[in-house]
Structure formats: structure tokens, C-alpha cells
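As C-alpha cells, the structure follows; a few thoughts come after it.
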Amino acid sequence: MSGNTFGLLYCVTSFGESHGPSYGGVVDGCPPGLELSEADIQKELDRRKPGTSRHVTQRRESDSIEILSGVFEGRTTGTSIGFLIRNEDARSKDYAAIAQSFRPGHADYTYWQKYGIRDHRGGGRASARETMIRVAAGAIAKKWLREKHGVEVRGYLSQMGPHRIELKSWDAVRQNPFFVPDPEIVPRLEAYLDELRGAGNSCGAKVTVIASGVPVGWGEPVYGRLDADIAGAMMGINAVKGVEIGAGFASVEQLGNQHGDELTPDGFLSNNAGGVLGGISTGQDVVVNIALKPTSSIRIPRRSINTLGEPVSVQTTGRHDPCVGIRATPIAEAMLACVLIDHALRHRAQCADASTATPKIAGRGG
């Protein structure tokens, strides 16, 4: 299977399946000299792992990471960083009933038609457990970006089903299982999920991720635009069906004098561009929204076909998140961080000596 690597200079490769013995990853291109330990990566993996609350899958996985290469005496060497995360609580028997049929909304049918074979256990390679490799790679990227450029990458759940959530406190995001920035809405979300779970149904979500402190100048002007690479990375996350940069689809209703971010000697007056103009960072916050579809694995019977093309009814059992967006925040942060470090390295390679006499103005946030 091709398509298991992303990035140009900061390259991430993953392998593994949901019910295989382990997942593994290789990060190639991380600069040498970065102080790095397994604990640096583990704290990000712990944010994503299953079983952290009653509102997500109860699959019990420690998601403990083992660094195999690329770190010596506590610092990166510049060679490839290899790591392994073992699966500990797979229940393959839960998927025996769908071995010969296809779950609506899942990748079962497309994998089968493309490869002529598929691992039906937990979705195999299509499982969202693969995203922990991205979170691990993102943890390394986030630390380098923070130490070298002062860039902070943070995200939050901004909508669950019909419930829109305002950004009231970044501190609150790490203090609840939903990654929401408004603690007062947590009981309402819990009641909504309990209702969905009782009905055997699921819902979609929206996640907002923001990178602050991004310098002006990252990104390529035509092919390899910063916003295009961000959009591609975000669309590569399981269940993502939409990506917005800045104002996104709201720009359809804006007029030209509303959308264009005016510049003054003191900075930009707005950030409808989401921190990117002409594919190049403006120095403002990079603001991204992603839309995640409802979880495909639900208990409600639905029509499908089997491998012979015959009509069947599919009802999915097992352990699943009623809303995949609940644990998507660390994943979105990781993908944005990986794109940013990749472009930081690309900018350094070509334009490290470029300069102008024009002062760099302050940018307005999201």
C-alpha cells in the first residue's frame, strides 16, 4: 500500500493496523540537537488515547511509546526517529459479523474494491488508531516550533452536533474530556452524548486549531502553498469532510471591503485570511476549522451489501466513539504542527538570508 508518508523535509511514515500487534512510525528530517524524551511525546498521546472518559470508546490502551532510534543522550541526532506503540486490547471477535459485508460510511467497500482484500478487524489500516502516529510526530514538531520560533499550536472542540461552543478559556480545554473552552457547556454535551448512545447513534463535530507566533514568510507561492498543504493534511485525518482557513465559507457572504484584512503601521485590523495570503504566512494566527462526520460504526441497522453483492442489514457492535470529534483536537494540532515545521525547514533552506527594510507589523489573532 502506497501513501503512508507525508511531508517534504519533515517526513512522517506510519505502519500498523487496529488489531495488529502494534503501530509504528518514522519521523525523518527532524533537526539535530532537540532535547527529546518519550515523556515529551507521551503527554500528547495521553490526550488522544481511548478510554479516557465514559464518552469515548472503552478500548483500554496505554498507547505507550518506545523510541527506537534517532535520539542519543536525550537529544535528536538528525537521523530518522523510529518509534513503536503496541496494541494491547484488541477484540477482533467484535467484527466477525461484518467480515463479509460493508459498513455504510466506512472504508470497507473502497478498500475491498481497491485491494481485493481487507482487514475487517476494527477497520484495519483505516482505523483512527493510526492517528496516534501523527500525534507522536506532531509532539516532536510542536516542541521544535515552540523552542525555535515561539510558535504555539492549540485547538479545541468548537461544535458538537447542534451545540456551538465559544472560546472562553484556553485553560478550560485541558480540564474536560471534550477539549471544550467553556466548562459551563460540558453537562449539556454529556446529556447529548448519553442520548445518542442510548439510541445507538452518533453525531459530527467541528474542531478549531490555531497556531500563534507563526513568522511571516512561511509557505510557497504557487505549488506548496501553506494553506493548501494545511488543507490537505487536515483532510487526511479520518472522518474529516471539510476544512476552512480563516473565514472559510463565511467569506461567500462577505463583501470585498469586509473580507480583505486592512494593514496599518500597528498591524492588521482583522484576520479573515486565517494567517495566510498568497500561500505565505502573514505573521498572524493561522486559524483552521475542520468538520468531522458522524461516527460510521453505530448500532442502528442500515442497508448494505455483502461481498457477493447481495443486500444485507448491517448493525455494528463493539466499542466506538459516539462522536469522533471528541478526541480529534490533539490530532488536528499535530497535523498543523507537522505542516508548519515542514514549511519552516523549507523556508530556512531557501530564504534564510532574505530580508527587507519594511518592518514586520503585528498581526491580529483569530
(request) Restrict the search to region 150-188; then list the trypsin sites (Lys or Arg not before Pro) that DSSP places in a loop and that have at most 16 other Cβ atoms within 10 Å of their Cβ. (result) Lys168, Arg174
(request) Kindly rank 303-314, 102-113 from highest to lowest mean number of other beta carbons found within 10 Å of each residue. (result) 102-113, 303-314
(request) Mind jotting down the distance between the C-alpha centroids of region 64-125 and region 258-281, whole Å? (result) 40
(message) What aspartates and glutamates does Lys206 reach when the alpha-carbon gap must be under 16 Å and sequence neighbours fewer than 8 apart in one chain are set aside?
(response) Glu166, Asp182, Glu244, Asp321, Glu333
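Over the chain, what is the mean sequence separation of C-alpha contacts under 8 Å (at least six apart), divided by residue count, expressed as relative contact order in percent?
Contact order relative to length: 21 percent.
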(request) For helix 226-235, report the angle its Cα long axis makes with the longest principal axis of the Cα atoms of the chain; keep it between 0 and 90° and round to the nearest 10°. (result) 10
(request) Can you tell me the order of 346-358, 325-337, 265-277 when each peptide is scored by its average per-residue count of other Cβ atoms within 10 angstrom, highest first? (result) 325-337, 265-277, 346-358
(message) Just to be sure I understand the model, the point goes 7 Å from the Cα along the line to the Cβ. What's the resulting Arg86 to Asp266 distance in nm?
(response) 5.9
(message) Can you tell me the convex hull volume per residue for region 5-351, based on C-alpha atoms, in Å³ to the nearest whole number?
(response) 152
(message) Please rank Thr316, Thr264, fewest neighbouring Cβ atoms within 10 Å first, as an exposure proxy.
(response) Thr264, Thr316
(message) Going by Cα centres, region 314-352 and region 1-23 are how many Å apart?
(response) 13
(request) Would you list, by chain and number, the lysines whose Cα falls below 16 Å from the Cα of Lys43, excluding same-chain residues fewer than 8 positions away? (result) Lys142, Lys143
(request) Work out how much length Asn201 to Asn306 would gain on full extension: take 0.36 nm times their residue separation and subtract the Cα-Cα distance, in nm to one decimal. (result) 35.6 nm
(request) Just subtract the alpha-carbon distance of Ala362 and His259 from 0.36 nm times their residue separation and send over the number in nm, one decimal. (result) 35.2 nm
(message) Straight-line reach from Lys148: which lysines fall under 20 Å, measuring Cα to Cα and dropping same-chain residues less than 8 apart?
(response) Lys360
(message) Can you tell me the orientation of helix 131-149 relative to the chain, as the angle in degrees between its alpha-carbon axis and the longest Cα principal axis, to the nearest 10?
(response) 10
(request) For the chain, find the longest principal axis of its Cα atoms and tell me its angle to the long axis of helix 329-351, 0 to 90°, nearest 10. (result) 40
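Values in this text are rule-based calculations from the coordinates and carry no lab data. All values reported here derive from a predicted model rather than from experimental measurement. Positions of Cβ are backbone-derived with ideal geometry, glycine not excepted, and every protein chain shown enters the neighbour counts.
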